[in-house]
Structures are given as C-alpha cells and as structure tokens.
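The values are calculated or read from the model by the stated rules, or taken from the named source; none is laboratory data. Only a predicted model underlies this, so the values are computations on that prediction, with no experimental measurement involved. Note: ideal-geometry Cβ built from the backbone for every residue, glycine included; neighbour counts use all protein chains shown. Surface areas here come from the heavy atoms of the whole protein model, side chains and all, with no ligands, DNA or RNA. Shrake-Rupley method; radii C 1.70, N 1.55, O 1.52, S 1.80 Å.
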Number of protein chains: 4
Amino acid sequence: MVGGGRDAFIGGVHRMAARLDGKIDLVAGAFSANAEKSRLSGEDLGLDPKRVYANYETMAKTEASLPEDQRIDFVSIVTPNNTHFPVAKAFLEAGFNVVSDKPMTFDLAEAIQLRDLVKRAGKVFALTHNYTGYPMVKEAREMVRKGELGKILKVVAEYPQGWLSQPSDSWRTDPSTSGASCAVGDIGTHAENLGRYITGLEIEELCAEFTTFVSGRKLEDDANMLIRYRGGAKGVLYASQISVGEENDVNIRVYGTKASLEWHQEHPNELIVKYQDAPRRIFRRGNPYVSDVAKKFTRLPSGHPEAFIEAFANIYLEAARAVEAVKAGKPIPPDIDYPTVEDGVLGMAFIATAVASANNGSTWTKFVSA
Amino acid sequence: MVGGGRDAFIGGVHRMAARLDGKIDLVAGAFSANAEKSRLSGEDLGLDPKRVYANYETMAKTEASLPEDQRIDFVSIVTPNNTHFPVAKAFLEAGFNVVSDKPMTFDLAEAIQLRDLVKRAGKVFALTHNYTGYPMVKEAREMVRKGELGKILKVVAEYPQGWLSQPSDSWRTDPSTSGASCAVGDIGTHAENLGRYITGLEIEELCAEFTTFVSGRKLEDDANMLIRYRGGAKGVLYASQISVGEENDVNIRVYGTKASLEWHQEHPNELIVKYQDAPRRIFRRGNPYVSDVAKKFTRLPSGHPEAFIEAFANIYLEAARAVEAVKAGKPIPPDIDYPTVEDGVLGMAFIATAVASANNGSTWTKFVSA
Amino acid sequence: MVGGGRDAFIGGVHRMAARLDGKIDLVAGAFSANAEKSRLSGEDLGLDPKRVYANYETMAKTEASLPEDQRIDFVSIVTPNNTHFPVAKAFLEAGFNVVSDKPMTFDLAEAIQLRDLVKRAGKVFALTHNYTGYPMVKEAREMVRKGELGKILKVVAEYPQGWLSQPSDSWRTDPSTSGASCAVGDIGTHAENLGRYITGLEIEELCAEFTTFVSGRKLEDDANMLIRYRGGAKGVLYASQISVGEENDVNIRVYGTKASLEWHQEHPNELIVKYQDAPRRIFRRGNPYVSDVAKKFTRLPSGHPEAFIEAFANIYLEAARAVEAVKAGKPIPPDIDYPTVEDGVLGMAFIATAVASANNGSTWTKFVSA
Amino acid sequence: MVGGGRDAFIGGVHRMAARLDGKIDLVAGAFSANAEKSRLSGEDLGLDPKRVYANYETMAKTEASLPEDQRIDFVSIVTPNNTHFPVAKAFLEAGFNVVSDKPMTFDLAEAIQLRDLVKRAGKVFALTHNYTGYPMVKEAREMVRKGELGKILKVVAEYPQGWLSQPSDSWRTDPSTSGASCAVGDIGTHAENLGRYITGLEIEELCAEFTTFVSGRKLEDDANMLIRYRGGAKGVLYASQISVGEENDVNIRVYGTKASLEWHQEHPNELIVKYQDAPRRIFRRGNPYVSDVAKKFTRLPSGHPEAFIEAFANIYLEAARAVEAVKAGKPIPPDIDYPTVEDGVLGMAFIATAVASANNGSTWTKFVSA
C-alpha cells in the first residue's frame, strides 16, 4: 500500500476490503510522504519493519528486487489525487500490478499516459469506483443488458453530501493536490461511473454549472449538469458537498421505454424496478431470483445486509482474480468486472469536460475525446 | 363550474375539494363545450337544469342577471389551458370571483392581460397550484421564513410521471390547446411554484433542455433544467411524463446553510429536516409541534393521513375566505394563502423562459420579465 | 346525525366523509346531550333550526312524522359507546336506516339485541370500521380470496397509539361510557375487524394480557394477545394507547403458504406482497393492475394519494347504495361492502372474550359465541 | 475454529468478521466431524496442514501442547448446537479462551455447567449474539441507560423469517442436534437477547404458543409469546421461520414513558426515536451526535453503510480485547461489551421457559431460575 497512514480514512477502508475474503495480506507499505509517519503506521499495522518504506520510490525499487515469491503481488494506491499517476507509473514500471483509488490521475493528460503505461506493462490496473461493486448495481446492469428496461431514455444520478458545508481544510479542496475540480472529481466521477456501468451510455455533450458556496474555497463544492448521451438519451447529474445533512446518498434512477430502476447507496441491498402496468418490484440481494452476476458478489444470505466494505471488497476480489491470472502467466480474463484504466480515462475526460463547460459560462461542451 | 363534464378528471377533483368542508355548494355550470354533454353532466350532478348552461358566455351573463343572493359567488374554471383566459375574462367582467386551474393561461401575454383584469375587477382570483395546499408544504415555508435553514443555497425540484410514456391523445400534448409546452406547462410549473412558495427565491436565468421522446408528439414530454436564482442560489428542476412507472412523484429538496428539508408529495404527511450535527427530524402533520399555519390547514389528528383532496380543498378554503370578504364589501385579507394571479404570471413567465431556452439550443436565458 | 357537536372529533370526520361524493347532505341532527350545545352546533353547520333537535328521541320521533320525501334517509350515530345502542334502537324502530360508529354497542348483550332489531327492521345498518374502506385493504382481501397467498398461517395485527400515554380525561377511559375495555374496544376492535375482513379467519380462542399503565385509569390502555383461529392459523394482535410517539399506526401482516402481505394505515396507498422466490411487489392504489374492487373505491389516479377521509367515505358510499335500494323498496344488495351488524356482534364478542381472558389471569378463553 | 467446514454458512461469517479488523488470524481448525472434510476445508483456507485437525479433541490437546507463543489464542465454535458445550468444555479445560455461536448449549443444564467451567477457568467466553454488535443497538442501549426514554413500559421484538416455510432438512429442525426448540432456539433467543441488551429488563414470566406449520417437522417453526417483565413492563415477542418472503427482519420497538425507539436489522444504520410532543428523530450511525459507545464500534463515516459483518466483527473486537488482557495476565476488563456466559445462561433459560410454557398448553410460566 502507498498512502493510508495514520488518520487517513480511505486507506483503512482499502485494508478492510482487501482483507475481508482472506485472499489478500498486507505485507509492505509506504504509508505517508512523511517517513516517520510511514514507519509508525507500519508499526500500527504489525508489518515487518523492513517492508515499511520511507517513500514509494524506494518501495517499488526494493520490492522489485526481492525474489519473486517474496515480493508484493500488487500495490494499492490511496494517496491524494496528485500522486496517483507517479506512484502508479513507478510500480507499473517496476513490474507490479496496481489497484488505485479514484479519480485516476491529477488530469486527463496523465490519464492518457497511464493508459499507455498499463497497456505496455500488461499488468492489472483496477480503479476503486467501489459503488459498482454492489451486487444490486450489478443486478441493475444485468437488467439493462438483458433489455428488461427497453431502450434507455433518461438517467438521473445524484450525489449529495454535506461534509464540506462549512469552511474546512482538506486536500480535496486544494487544486494543487485535488486537480481542477473538487465535487465532480471526488464524487461526481463516481456518479458518472455508476451511470455508465449500469447503462453503457456514452456522454456526447454536457452543460455544467459549478458553484463554490463556501467562500475562500478554490474549487467548486457543488456541480449540476445536464447531459446528452449518444443515441438520444438525456441525463441529469449532480454532485454536491454542501448539501447540509446529506451523508453519502449517491443514487441513480434509470428510465427506459419498458421499465425503470432506482438504487440508493444508503440502502444498497434493494433495487426498485418500476413498470407502467404492473406492480413495482423490489429486488433484494441474496435471493434466489437475482442474476448470477449479483450472486457471484454476494457473501451473505438475504436479509443479512451487506454494505460498503463488502462492495469495496468485490473490486479487490476481481482484481485479485486478475492478478492471479497474470502471476500464472495467463491473460487477464476478459470477463473481469472491475473498473479499468479505460474507465479511468473516461472519468478524467468527464471531469475535464465538466470543468471546460463550467469555465466557459456553463455552455454545452462536447465530451473530450481521449 | 366551467368545464369538468363527464370523463374529465380534474373537474371531479375540484368538486370534491370544494365540497369537503361544507362551505361551498355547486349550483351552476357550463360543463362542456358540447351543450348536450354539459346538460347531461349537470344532470349527473343533480343540478337545477336552469342553471346548467350550454356555454360559459351564457352562464356568465345569465348568472350575472340573477338577484345578488341567488347568483353564484365564484366560478371554478377547469377547462383546457387555451380557454382559461377567455373564461376568466368573461366572469371577471361579469363581476364574479374566479378559481382557475393552472397553468393560468395559454401564454404569457394573456397572463399579463389577466393580471390587469383582476386588478381592475377587484375580485378574487385563485389558481389551483394545489401542492402548496399541503400542510407540510406550509410548514416547510414557515421553516424557511423563520430562518431555520439559514440562507438557501440549492433547490432540487423533481416531477416525474410516466403516463405519457406511450403514444397517446391528450389535449395536453396538443399545442393548440395546451400552449407552447407540455411537460413544463402541465407539471413543471407546479414544481416551480412549489419551490417559489417554500423558498421565496426568484429565478434569474435558466438553461432548459426539452425532449420529445414519443415520436409524433409535438410538444416536449421531458424537460430538465439548471436554474440560477437571484442572490446566488442554484437549482435543478425537471419535469417528465415519460418516466415509466413514476406516478405523480413531485418532490423537493431545499438546502440551506443551517439545515435542509425534503418533501415528497406521495408521502405528504411527512417533512424531513436534515442537519449537519444533529439527528434528522421528521415533522408529521397534525402534531402539537407544527406551526400554526400548518395546523390551520389540518382537519385530522396525526396518524390519520390527509392527502391530495384535502390539500386541494385548502386552496378552496382560502379562496372562500377571500370571497366572503369581497361579498361583505371588505378588501381581500392580506394574509390570504392561495396562489394568486401574480403567481400565475410568474408561472407563465417560467414556461415562456424555459421554452425560449430550449428553442435556442438550451442556452442560458434570462427570466422573462412580466 | 346524533352526536358530533362542537369539539367532537369523529363527528366532523363523518360529515366530511359523507359529504365528499356529493350524494349525502346533512339536514338534521341532535348534536349533543346538551340541548343548547346541539342548537349551537346546528347553527355552526348551517342547518334549518327546526331540524336541530334537543335530543335523539325527539329527533327520531319528529323526523318520522315528516312526509317521506322530507325526512332523513338515515342517521349517523357518533356518540360515546354507551348510547350507540339506544340511539340505534330508537331510529330503527322509527323506521330509519343507521350508520353507526364503532364499537357497535356498550356490551355484547346489546349487540345481540341490536342484531335482532336490525333483522326485524329490514333496514340498513352500517358500522364505520373505516379501515376496511381503504382500496388497498380491499385489494388485500381480494388476493386472499383468490388464493394468491395460499393457506393463511399467521396474522400479525398491531394498533399502537400514544395519545393516552399521559393521565387524561376522556370518555374512552371511563367504563360508564366506554364499556368494559378501552384499548381493545376503541382500537383493538379495528385491528380485529381488519384481520377478519382481509382473511375471513374466525377466532377460536385467545389469551389476552391487559395493562393499565397510567395510574388512576380504570380501563386497560395496553392489550396484547395471542390468537388461535379455527383451522389452525395463529395470530398476534395488540392495541396500545400508551406507545409514546405512535400516532395511528394500525398495520397488518398476513402470512400464507404461498405469499404474504403487509399494509400500514399511515401509508395506505401501498400494499406490499412478499414471496419466497420472487421479488417483493408493491401494489399501489389507482393503477390499472389492481382488482376491480379496489378500483371501485378509488377516486384519484395513482400517485395522487387518497387517505383517511376517502376510506371513510367509502363506507358511506356503500351505505348510501344500500339506503337507495331500501328506499326503492328493493332488498339490500348482497354484494354490499360495509361492516354490518353481524360484524358488530363479532367485534363485541371479541371485546368480551378479551376482557374475560384478561380478567381470568390472561388464560386461553374460547371465543364467546353470539 | 471448530466447525465451519465447506458448505457451512455461519463459519464463513465468523471468519470474515474475525478477519475484518486485521487483529485476528485463523491458524488452526477442526472444521468438520468428518476428518477428510476438515482436511479439505483447511486446504481451502490455506492453513498449515499440521494445524488442521481431524476432531476438536485432538485440536484442543495438540494446540495446548504447543509453546505458548505458537498456540491459538482462542477458539471459535461454530458447530451445531448439540456440540457447543463439549467443544467449549474441551478448550476451556485445555486453557483456551472461547468464542461460541448461539444458542450457547444444547440445554439449560449444560449452560449452567458451562458457566461454572468458565468461572473456574478464568478465561474469556464470548457468545455471538451478533445483533448487539450493531452501533445503533448500542446507541439504543445508551439512550435507555441515560433515561431518555423514561421508564420502559413495553417491548415488542419480532424475528420473522421465511426460509423454513417449505419442508426441508436442516440440523436446526432436528431435536437431536438443535435441542428442544427450533424457532425460539435459533432466532427467538436473538430477539430476547436484543431486548435484554437494550432495556436491561428481566423476564418474570411468559406465555408461549409454539406451532409446527410444516408437517413432519419435529420442532416448532413459529412461536409467539406474551411476556411480563419484573417491574411491570410488558412484552410481545415472536420468532417465525415460516413467514414467507421475510428474510431476516429482526426488529425491536421499545416504549418508555418519555420516548420510544425502533430499530430494524435490515436497515441497521438508523435508529428511530419517537416523542409525544416533538418530531421524530432519526439517529444515523457515524455522525458526531451519537454516543461514544456507538462511535467506538464504527469504522466508516456516516452514509457509508456498515452492516452484518461489521456488527459481527464488533463482537470479535471486544472478545479480542478481553483475550489480550487475559494473555497479559490481567483481569478481563469490566466494561467489556460482548455477550457473556451469563447471557448464554439467560438465553437457555429463556428457551427452557418458552418450551415449558408451550408444552403446558401455552400457560403462563415463571422464568426458569438458573
């Protein structure tokens, strides 16, 4: 692991998620840009001090020098956005597979470079757009794929949070660490990824309105946008971090010609499906009637709720499956179900397009090709 | 009543709402443009045949010729949009008070004329934006007025329906009867009115995307828009009639600097209030802790749900209070709580602005002054 | 109307319910045991003073003496429990149809007498167990009748309220006006009626635990019971008036061998149906897929919620249909769908059985035959 | 671990829960009464074959013979009920701490013996009544302890499931492995434990109705009971395994003189608190306003839902804390928050009392002292 030292939130989530299924052990890390903090974090985690590194460059180099059966199988990158790319680059070039937090890079240019690096390296690159790890999100995608919704006409994806409603210091609000966007980069990109994962729709153009409500802040803390998808579907998407009292209510509604669906991350075990001439149906995780793909990512029987960590762990499970294939000298299985470097490029293009629109008076802006 | 003959939906709702509190009796009507249908409808309703008229012109004239204590006190207009104005004009000029369905007129020019007519007539004009009749909507307004939400930053108002998801004939989809808009005129204007009623915010400009999903239809059946309010608040508003499986889910979320609120018309007895540092609170109609204004429009104790008809009836109750004042030769009470002709003008301006934006490539368009 | 004077809650509900559909007019009443209060109440209601009576005896007698086309068609009894019987008796004997609030009488003996009186009189007697007026309750009954749940195994009916959680004066807590039970008589009997209406199951025996939590109170304010139905099904039923913060949450769950259903009065437009091997289905009022019987008692399209008054009005609608038949010299239609005197007898037998069990150490007690 | 071999559900849950926080490693096991199955299960789990045992006796003995720093710290028992006691006994006598699944033993006599064994051994014994591991259940207990509900008057605890609604083979329905009860032993005891954990109330007597709905089954698959608590509070509790379409909906409502609370395991991150004169409040996990005890058992920020495994892991976390103390030669901390052997004895007494009542015609039966 790179990043995720003491006090970092997301590093602990990655560790719990990786650990859950008993297939992944944390054995090495550079947990902080501060060497001492890294050392102490490694101690907290009970690691062999020799494998707790002062920085990621040393880690990549040293681990690569270990005998093949002793070195790490992959690295998890859980640093702020501005270092995702250099860390990923270092480890890919040192011959390692990579799991990285999102947004994939600091900007789109880095994302395109990273895509090339991943292709050349032939290694696994998995991006933790964790909301696609939920079984009922996978169920939603299956329904769309099977045509149960008919043609998709409209997508409404919302991601309200309230945690930045007050003035605050966070690397997420600092353009030098976060990139050109706060709300869209941090959470809007999850909403976009979720919509694309479920529907497969591609954005053609969008019109984005960014607002910085908390004075003194340099990046937007609220973003609303209208979307035109290729093929005629329309979208409404928003990401907000100043929505007082909202916790982490990412939710999506997808409307088709035959049926519609609705999913709320805060009640993730349910998928609501609506029809014009039939009763609504509530699909619930863990039941015999859900699709095989939802079942595959389910650990507990129905009524025994699974939640955030389990969904996150599903990304790791699939990454681990790909890593095993690579270790065995086989190609990455084509049915692998984790967000890839390609998803990351599209996510960064989405951010870039939204920023361009917002900076240009919230005008309609073609999706940046990448 | 003008309109609301056999098979018309909204006429029956008006009649039930008007009748509920025992203060209003239906005594006369021109129920259809078809004289025979009007006659039969009057018969169905048990009216004195003499006061069932072949058309609204005759009704206005004849009723006005009756002795003061025998004529109608006010007329309810429940016809398609294109006749709201001429009917209202006829009755105002004949000296009657008016309750009218929305949108107020066929277009903004008529709305402005009507405003002048109402002012000159000195009569009551109440518009049935019925969703503002719900006690918990009034509670929401009170909270905003008392500053409990702090400064309002964001409004999300949604109105999804699915009833036009299939090809269909309806006067609402016909520009000659409905006006320049279908989704926005029919339901978007409710969402706009609801947001304005609760927050008092005024739209400065908006960017609207209209789509006609059902081929052959001449007006939009789906509209999404971004809104900039005077003073810096932002809005997302949509109206859709092709959202398969949605019934009548008008809902609103208002985000302030101190608290936020959420209300769903399909569960109208609850108002959810969210805070950053305190548990959410669920305000429920009929309880001792709600404001006097919510109590005033409440008929049943808590837990005995009230719903659509009762909210509609609240508009009639207030209109009746104003009519009584006018009959007694007094001014309309200043605290009257029903949508006025001014609300109607703003609603028509909203439609006109949205249509202009949509027709101009969904560009940002200043709110039409009126 | 008898009872329902100033300050009485349920009288106003009856009046709104009766008035809603425009088929019933209030024309006469004895609104209070206090003649002056009756007079003032009649004035409030705008009645002809000649038809506002000082007491029910005078009213029954005087109305009966009017020409047939001028007298009342039926009387609504909304007095405290102890006078239901004498009032009903007086009006039945004077030749009138009766709508009465529940519980039907003061005790079971009166109920049996009343049944005889109704039979002899050949008049309509409708009891306002209003919760059976909800369309989705009727839908539930249809499902059971059609066998969609299979054999019914278990019924859980709950009726928690909190309004008597503090010491209070109410005729409902006074045995001289309320009868031998408070919680069971006032609300438990609704829960029992609701269960019987939906399932058709007959109670064989029960074990009831009564508690008076508020000291000084003479009747139980909380009652829990286990039920054995004929044929082997089991039940849990409770009624509580000291459940702080509960408003009027009567709800029922019915479990069958093939499916189960759940309905909550505070969200009356939805009926939840659960299956072992299929997604839950949410049946919502006003949709094309509901049964004809639910449609028949529906006034508004789906998504335009109906609630308490409308359900109450459905009892009146059916009573009016029966009254019309009787007036026309025809028999009461056999498919009439309102709670009858027979339901009232069973309700009083239920109360008597529960009281007997509670008084006998909460032992299993055979359902009192009546 | 003892038990939990291939195909066993609960063993996997224990492993995930134990593993989640990175403090517990699985190093040894006797995973099945079938030695070969145990071997294969150990292989699946990647264990050192030397520490995969053919049976629990060998495991206890062999592990005890290892040097102190190489042997297991505690054993997890996840076998059917009839072997909980002998396995626990073997490990306690071999000097090990124990975590055991519930119900604690096959019958009450074993439970009492086990209590003595635990006391004598001075070791940790934690019982996985996992529902008490949920943060919002702990919050509920805190509220009761702080007097925020006033005096507790009534407890309604329900545990409906549907998985045994069809004929089936399961050790849980076999009295030789399950004990004298199925529904009460398997899930009713969770409901009882949950109620006791939150309220601290002690059962004085109860009246239990057992039903075996699926023919051929030897134990009850549905149980309803009325409860009298010491001090005057009353209870309704049921456990059902034939409630078609119910998944694992254990839920509890606690009514006090000042406030009431409600919690549903299928939506575990919320605790609903109701008041007579104030809006309902929804306490949500992970927020600054919850109590320290709820915070202590929380891993993720609000809105990032936690669920079943995390709650289960909280039992393991506390057990691990106690094990660490014992290893360090210190007493078990007095504030330890996991279900103890004493809870297990009370749970077995509850089962015994319910069985006695049911076998005696569902009569009121004093809580068996133990």
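For the pair residue C:73 and residue C:360, the difference between a 0.36 nm per residue extended length and the Cα-Cα distance amounts to 98.9 nm.
Each Lys and Arg adds +1 at its Cβ and each Asp and Glu adds -1 at its Cβ; summed about the Cα centre, region A:1-53 shows a dipole of about 80 debye. Annotation for region A:89-149: chymotrypsin sites (Phe, Trp or Tyr not before Pro) lying in DSSP loop with at most 15 further Cβ atoms inside 10 Å of their Cβ do not exist. Take the Cα radius of gyration of region D:182-293 and divide it by 2.2 N^0.38 Å, N being the number of residues; the result is 1.22. Taking a spot 7 Å from the Cα of residue C:112 along the direction of its beta carbon, which residues of region C:305-346 have an amide N less than 16 Å from it? Those under the cut-off are C:342-346. Using the Cα coordinates of region C:182-247, the gyration tensor eigenvalues translate into equivalent-ellipsoid semi-axes of 24, 12, 9 Å, sorted from longest to shortest.
In a reduced charge model with +1 at each Lys and Arg Cβ and -1 at each Asp and Glu Cβ, the protein assembly as shown shows a dipole moment near 0 debye about its Cα centre. Within region D:249-370, the ratio Rg/Rh, alpha carbon atoms throughout and Rh by Kirkwood, equals 1.05.
Here is the interface size for A with C: some 1000 Å² of accessible area buried, both sides summed, with a 1.4 Å probe. A point 7 Å from Cα along Cα→Cβ stands in for residue B:146, and the other copies hold the same point at 2.3, 4.8, 5.0 nm, listed in rising order.
Over region A:39-84, one equal point on each Cα, no solvent: what is log10 I(q)/I(0) by the Debye formula at q = 0.25, 0.31, 0.33 Å⁻¹? Once normalised to I(0) and log-transformed, intensities are -1.09, -1.25, -1.25.
Here residue D:324 and residue A:230 are evaluated by their C-beta separation; at R0 = 51 Å the FRET efficiency comes out at 0.30.
Normalised per residue, the accessible area of the protein assembly as shown is 34 Å², obtained with a 1.4 Å probe and no contribution from ligands, DNA or RNA. Computed over protein heavy atoms with a 1.4 angstrom probe, the accessible surface ordering of D:171, B:263, largest first, is D:171, B:263. Fully extending the segment from residue D:35 to residue D:264, taken as 0.36 nm per residue of separation minus the present Cα-Cα distance, adds 78.4 nm. Interface residues of region C:296-315, defined as a loss of at least 50 Å² in heavy-atom accessible area between the chain alone and the complex of all protein chains with a 1.4 Å probe, are C:300, C:303, C:304, C:305, C:309. With a threshold of 30 Å on the Cα-Cα distance, the over-threshold entries among D:138/D:330; C:23/C:154; B:274/D:296 are C:23/C:154.
State which stretch of chain C is the longest one without any exposed GluC sites (Glu not before Pro), exposure meaning a DSSP loop state and at most 15 other Cβ atoms within 10 Å. After excluding every exposed loop site, the longest remaining stretch is C:203-370. When the P(r) is computed for the protein assembly as shown, the part past 56 Å accounts for 28% of the Cα-Cα pairs.
In region A:140-156, comparing the full protein assembly with the chain on its own, the residues that lose 10 Å² or more of accessible surface at a 1.4 Å probe are A:153, A:154, A:156. Gyration tensor analysis over the Cα atoms of region B:1-82 returns equivalent ellipsoid semi-axes of 17, 16, 12 Å (largest first, whole Å).
Modelled spin-label separation between residue A:166 and residue C:25, with each label point placed 7 Å from Cα along the Cα-to-Cβ direction: 6.4 nm. Note on chain A: with a GNM built from Cα contacts shorter than 10 Å, the maximum mean-square fluctuation among A:329, A:195, A:162 falls on A:329.
Residue D:328 label point (Cα plus 7 Å toward Cβ) to equivalent points in the other copies: 4.5, 7.9, 8.8 nm, shortest first.
Determine, at each q value in 0.12, 0.13, 0.14 (inverse angstroms), the log₁₀ of I(q)/I(0) that the Debye formula gives when each Cα of chain D is one equal point scatterer. Debye output, listed in q order: -0.91, -1.07, -1.24.
How much of the accessible area of region A:1-93, in percent, comes from carbon and sulfur atoms when a 1.4 Å probe is used? Its accessible area is 49 percent carbon and sulfur atoms. Considering the rotation that superimposes chain A on chain C, the residue of A whose beta-carbon lies nearest the axis, and that distance in Å, is A:281, 3. When chain C is treated as a GNM with alpha-carbon contacts under 10 Å, the residue of C:45, C:271, C:201 showing the greatest mean-square fluctuation is C:45. Distance between the pseudo-spin-label points of residue D:205 and residue A:44 (7 Å out from Cα toward the beta carbon): 5.6 nm. In this view, the solvent-accessible surface of residue B:71, computed with a 1.4 Å probe and all protein chains in place, comes to about 70 Å².
Work out the FRET efficiency for residue C:151 and residue C:10 from their Cβ-Cβ distance, taking R0 = 30 Å, and round it to the nearest 0.05. Working from the Cβ atoms, E equals 0.20. All C-alpha pair distances within region B:103-188, sorted into 5 Å bins from zero, spread as 3, 10, 13, 16, 16, 17, 15, 8, 3, 0 percent across the bins. For helix A:56-65, report the angle its Cα long axis makes with the longest principal axis of the Cα atoms of chain A; keep it between 0 and 90° and round to the nearest 10°. Helix A:56-65 sits at roughly 60 degrees to that axis. The label-point distance for residue C:293 and residue C:215, in a model that sets each label 7 Å from Cα toward Cβ, rounds to 4.9 nm. Shortest first and in nm to one decimal, what separations exist between residue D:9 and its copies in the other chains, measuring from label points 7 Å along the Cα-to-beta-carbon line? So the label point of residue D:9 gives 3.4, 4.3, 4.5 nm to the other copies.
Taking a Cβ cut-off of under 9 Å around residue B:237, the surrounding Lys, Arg, Asp and Glu residues balance to a net charge of -2, with basic ones at +1 and acidic ones at -1. Other residues lying with their Cβ under 11 Å from the Cβ of residue C:81 contribute a combined charge of -3, Lys and Arg counting +1, Asp and Glu -1. Ellipsoid fit via the Cα gyration tensor, region D:285-332: semi-axes of 26, 12, 6 Å, each the root of five times an eigenvalue, largest first. Taking Lys and Arg as +1 and Asp and Glu as -1, the other residues whose beta-carbon sits under 15 Å from that of residue A:147 total +2.
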